[in-house]
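To start, the structure itself, in structure tokens.
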Amino acid sequence: MKAKSFQRVSSFEEAYKLVKESPRNKIVGGGLWLKKGGMDVDILIDLSQLGLDKIEDKKDYVEVGAMVTQREFEQSKLIPEMAREAVKAIMGPGFRNVATIGGSVYGKYGFSDVVTGLLGYKVDLVFYPEAVVSLCEYVKKPGFFDGILTHIRIYKENLKGFFKKVGITALDYPIINVSVTKGKEYRVAVGSRPLVGARCEKAEAYLNEGGKDFAKAAEIAVEELNFGDSISTKGDYKKQLALTYVRRGLEEVNK
């Protein structure tokens with residue numbers, strides 16, 4: 001990746017104006033995936049002076065600034081345990097000390113452990129200027145939201161959670177990742193199919209209407225999602241892994 005210039009902005013208004021000026025102006029976040037993408041950029045926009053590096057208790061939800069690093073996220077006791085486990089599964093501490101939560105969520109990367117983990121919770125994304133979008137809706141829609149992601153709100157719930165990443169090595173991209181939570185309702189999500197994490201709404205409906213056969217729920221889940229080949233793995237293998245770990249996740253949260 002090559003960038004013509006770097007600009008550390010002093011306001012959201014300044015950042016938004018630069019973003020709207022050209023599609024070749026990019027918010028840098030942690031910069032890891034942007035660098036790996038290899039595209040040339042006119043202006044790298046740095047948000048590090050805008051106070052987005054905090055995790056705060058807001059009574060009904062925990063508010064995570066977009067510039068909070070994955071390492072800070074995984075170490076914060078304010079963050080639900082399963083969400084922290086999902087982030088802890090990503091590469092090593094050196095990587096997580098640089099990568100930001102905002103960049104990981106906004107990018108909607110197919111392999112994202114962050115997105116799949118957070119889909120187990122009620123999560124809203126806060127954008128400048130003045131927009132709030134649920135994470136579930138954000139990942140469903142193609143493309144990216146027309147705004148700057150500033151905060152992630154994780155609502156407080158009494159949940160039991162399960163997260164599983166399957167990879168060739170601990171430092172590799174996931175072959176598949178699965179999250180399952182149970183509170184007042186079930187939430188089941190599968191990612192790295194190789195598409196971005198998605199909720200299994202038909203399986204959730206079966207469970208939330210009283211279904212008790214977890215093997216059947218897992219079958220419903222994998223049949224409603226698309227699984228494709230990646231560089232290292234065939235789609236059929238991903239599907240079988242998802243089938244296994246959705247069932248195991250449901251069993252785990254019901255212990």
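The values are calculated or read from the model by the stated rules, or taken from the named source; none is laboratory data. What you see is a predicted model, and the numbers here were worked out from it, not measured in a lab. Positions of Cβ are backbone-derived with ideal geometry, glycine not excepted, and every protein chain shown enters the neighbour counts.
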Next item on the list: State whether the residues of the stretch 219-237 include one that is at pLDDT 95 or above, of a type in the set (Val, Ile, Thr) and over 17 Å from Ala86 (Cβ atoms).
Entry: yes
Next item on the list: Look at Val133 and say whether it is without any contact (Cβ under 8 Å) to a residue 40 or more places away in the chain, at negative phi and of a type outside the set (Ser, Thr, Tyr).
Entry: yes
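Here's the yes/no breakdown for (1) of a type outside the set (Asp, Glu); (2) under 15 Å from the mean Cα position of the chain (by Cα):
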{"position": "Asp124", "(1), (2)": "no, yes"}
{"position": "Tyr128", "(1), (2)": "yes, no"}
{"position": "Val133", "(1), (2)": "yes, yes"}
{"position": "Lys160", "(1), (2)": "yes, no"}
{"position": "Arg187", "(1), (2)": "yes, yes"}
{"position": "Arg199", "(1), (2)": "yes, yes"}
Check: So Phe127 clears everything in (1) farther than 21 Å from Val246 by Cβ; (2) in a strand (DSSP E or B); (3) touching a residue at least 24 places away in the same chain (Cβ under 8 Å) except one condition, right? Which one?
Finding: (3)
Margin query: Take the conditions outside the structural domain of Ile148 (by TED's automatic domain parsing), β-branched (Val, Ile, Thr) and under 19 Å from the mean Cα position of the chain (by Cα) and apply them to Ile27. Does it pass?
Written below: yes
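Does Leu149 meet the test of being in the same structural domain as Gly107 (by TED's automatic domain parsing), out of contact with any Lys or Arg (no Cβ under 6 Å at 6 or more places or on another chain) and among the hydrophobic types (A, V, I, L, M, F, W, C)?
Here the answer is yes, as Leu149 does meet what is asked.
Considering Pro93, Pro142, which residue is free of Cβ contacts under 8 Å to residues at least 24 places away in the same chain and more than 30 Å from Glu21 (Cα to Cα)?
Values: Pro142 fails: more than 30 Å from Glu21 (Cα to Cα).
Selected residue: Pro93, the only one of Pro93, Pro142 that is free of Cβ contacts under 8 Å to residues at least 24 places away in the same chain and more than 30 Å from Glu21 (Cα to Cα).
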Note to self: Which numbered condition in (1) within 29 Å of Glu14 (Cβ to Cβ); (2) modelled with pLDDT of 95 or more; (3) under 14 Å from the mean Cα position of the chain (by Cα) is the only one that Ala99 fails?
What the structure shows: (2)
Item checked: Qualifying helices (runs of 4 or more DSSP H) (wholly inside the stretch 1-95; at least 1 residues being touching a helix residue (DSSP H, G or I) at 6+ places or on another chain (Cβ under 7 Å)) -> 32-37, 70-75, 81-88
